[in-house]
Every structure is written in C-alpha cells, then in structure tokens.
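Let me begin by presenting the structure, written as structure tokens, before commenting on it.
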Amino acid sequence: METRGEADMTANAILLVEDSVADVYLIQRAVNDCGQDIHLWTMADGAEALQFLRIANSVAPVLTPALILLDLLLPKMSGTQLLAEIRQLPAYQATPIIILSRMDKEREEAVCLQLGATAYVQKASNFYTFFDSIKALVKHWLRSERAREEEQS
C-alpha cells in the first residue's frame, strides 16, 4: 500500500457540502473522473461541515481540504452562514470556496462574493453540462496526479 505525504493529501482534498443525494452522486463521479488521487469528503448540512472543519484543523491539519464546494440551500445552517463562519477560521481564509447553487445567480452571487466566496457557479440543469462544469472546476483548482503525468508526457 502506498502512503502519501501530508502535503499530497491536502493538495488533493475536497470538502463537498451538499444535501442533494443526486448532486452528491454526480459530483463524486465527476471528481473520480479527474483522477484517483483526489479525496472527497461529503457533508450533508452546514453544521456538520463546520464541525468537521474545526476538528480537522485543530486535531489533524492533514485533513484540511484544498477546495470547498458549497451549496447554499442546506439544512441546519445555510450555505451563506457556513461561508461566513468558514472565513472566520484562520486556517481557511485562503482556501478556495466555490458556491454551487441553483438559486438566482444575480441576486446571490454578490452576497456570496462579499462573504468571501472565491466563485459562484450556477448548477446546470443538464446532467452532462453539470458533470463537465464540476470536472473543469476540479481540474482548475486541484492538480491531480493524472494532470501531472499528462504534463510530463
């Protein structure tokens, strides 16, 4: 069994905060398609995600995600509330947080960017478009082992 160093694990770790089972499945498939070295944690509500981030940073910094994908409509704590809370944690102030939502982009995007989101991506209603947009996001924000191998060829 191959072990990875701490830098490798955090460089390819994503936290997905999404309560839609269908969207989680689709995003998991898109991430898997980007490379086997990407670790994806999924949380179904904002409170659970905030607790995970606080514990991960204090107990095991190796579990700190390099990218956070965040839905806005979440149970227990909204995505905007979670975004504001995450940006208050020093360990995550520079972590890219991409908002994935079906809400009205014009109305919500400005609020999210003001709270510290890196980008706002409206979820496509078409399966293939949504799948491709997730793959593009992951490839842009994370350098997977597959991408590094392709660069070396």
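So the values come out like this:
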read-out	value
Where E48 falls short, out of the listed (1) assigned to a helix (DSSP H, G or I); (2) among the acidic types (D, E); (3) in contact with a helix residue (DSSP H, G or I) (Cβ under 6 Å, 6 or more places away or on another chain); (4) farther than 22 Å from Y120 by Cβ	(3)
Test: residue in the stretch 132-139 that is exposed (fewer than 14 other Cβ atoms within 10 Å of the Cβ), assigned to a loop (DSSP other than H, G, I, E, B) and of a type in the set (G, A, S)	no
Qualifying residues in the stretch 90-116 (those that are part of a loop (DSSP other than H, G, I, E, B) and surrounded by 14 or more Cβ atoms within 10 Å (Cβ to Cβ)) - the one nearest to the chain's Cα centre (by Cα)	P96
Top-ranked residue in the stretch 63-89 [being closer than 25 Å to Y25 by Cα and in a helix (DSSP H, G or I); ranked as modelled with the lowest pLDDT]	L63
Hey, A124 without any contact (Cβ under 8 Å) to a residue 12 or more places away in the chain, surrounded by 14 or more Cβ atoms within 10 Å (Cβ to Cβ) and outside any helix (DSSP H, G or I) or not	yes
Residue check for E18: at negative phi and at pLDDT 90 or above	yes
Test for L82: is it buried (at least 21 other Cβ atoms within 10 Å of the Cβ) and either more than 24 Å from K139 (Cα to Cα) or polar (S, T, N, Q) (or both)	yes
Close pairs (7 angstrom Cβ cut-off, 6 or more residues apart or separate chains): without any contact (Cβ under 8 Å) to a residue 60 or more places away in the chain in the stretch 22-35, acidic (D, E) and surrounded by 15 or more Cβ atoms within 10 Å (Cβ to Cβ) anywhere	V24/E18
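The values are calculated or read from the model by the stated rules, or taken from the named source; none is laboratory data. Everything quoted here is computed from the prediction, not taken from an experiment. Every residue, glycine among them, receives a Cβ derived from its backbone with ideal geometry; neighbour counts consider all protein chains shown.
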